[in-house]
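The values are calculated or read from the model by the stated rules, or taken from the named source; none is laboratory data. Being a predicted model, the structure only gives us computed values, none of them experimental. Here the Cβ positions follow ideal geometry from the backbone for every residue, glycine too, while neighbour counts run over all protein chains shown.
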Ligand code: UDP
């Protein structure tokens, strides 16, 4: 389906688990190569590109599963995991000759630049790819919320949420063979039906700030570039249908 949309600046959210690809290690070289190729094509098309990556392939804080760890400590560890992933993506992008800047919400100047909106915007305008690391810098949040926040701050036209599934379905397509994919949804539908797209804070933030979300498969080669050409792949979430 053609949506006739043209994007000037976008933010792509990747889960940490995506970086594992199908392998069992922290990073999957084949997945990383494919990802970089895709990002390169988007960048070459003149789209200003920012990324937020999660930390789930290394460490997730939050509730449960972290026996003995205080919530805030677990969350700090999770945010540090996102910095590791951001550096890996920066390295992979720079290996192809692109310039990628990592800005961390938690200052660690020997490792990455510190998040500052003004310099982030300057980097984007110079054609550099920005990788926002360390989530929001605060415990009790997720990188989905960090992605919404940063996308709104930089004035992105679209937040692209890369998942292992090619959109939002009426039920889990791995368990229900008759599940159907939604081409479009409103924020209200996502919230009312409690669809597992992003956490509620992230969705509400996008809704309040009129930022559409496209949920797409990070495993499908060419999906990102097709979306940038105005084709719909996955599920578009916006204010009204
Ligand atoms: N985190 C946090 N604040 C943030 C973003 C992330 O405390 O603003 C922590 C939280 O513990 C989370 C972990 O970092 O579980 C990794 O992020 P996330 O779970 O969002 O990663 P993903 O599931 O996308 O790989």
Condition met for residue 34 (more than 9 Å from the ligand (Cβ to nearest atom) and over 21 Å from residue 101 (Cα atoms)): no
Residues of the range 127-152 satisfying the condition of being crowded, with 23+ Cβ neighbours inside 10 Å, within 22 Å of residue 98 (Cβ to Cβ) and more than 9 Å from the ligand (Cβ to nearest atom): 129, 130, 131, 132, 133, 150, 151
In the range 159-185, residue farthest from residue 13 (Cα to Cα) [restricted to those that are touching a helix residue (DSSP H, G or I) at 6+ places or on another chain (Cβ under 9 Å) and part of a strand (DSSP E or B)]: 182
Residue list for the range 22-44, restricted to those being without any contact (Cβ under 8 Å) to a residue 12 or more places away in the chain and surrounded by 18 or more Cβ atoms within 10 Å (Cβ to Cβ): 28
In the range 37-76, the residues that are under 23 Å from residue 163 (Cα atoms) and within 9 Å of the ligand (Cβ to nearest atom): 52, 53, 54, 55, 56, 57, 58, 59, 60, 61, 62, 75
Top-ranked residue of the range 153-165 - restricted to ones that are buried (at least 17 other Cβ atoms within 10 Å of the Cβ) and more than 13 Å from the chain's Cα centre (by Cα), ranked as nearest to the ligand (Cβ to nearest atom): 165
Test for residue 100: is it modelled with pLDDT of 95 or more, within 15 Å of the ligand (Cβ to nearest atom) and within 17 Å of residue 13 (Cβ to Cβ): no
Matching entry among 241, 211 (being closer than 23 Å to residue 132 by Cβ and either part of a loop (DSSP other than H, G, I, E, B) or modelled with pLDDT under 95 (or both)): 211
Boolean, residue 82 is crowded, with 16+ Cβ neighbours inside 10 Å and out of contact with any strand residue (DSSP E or B) (no Cβ under 9 Å at 6 or more places or on another chain): no
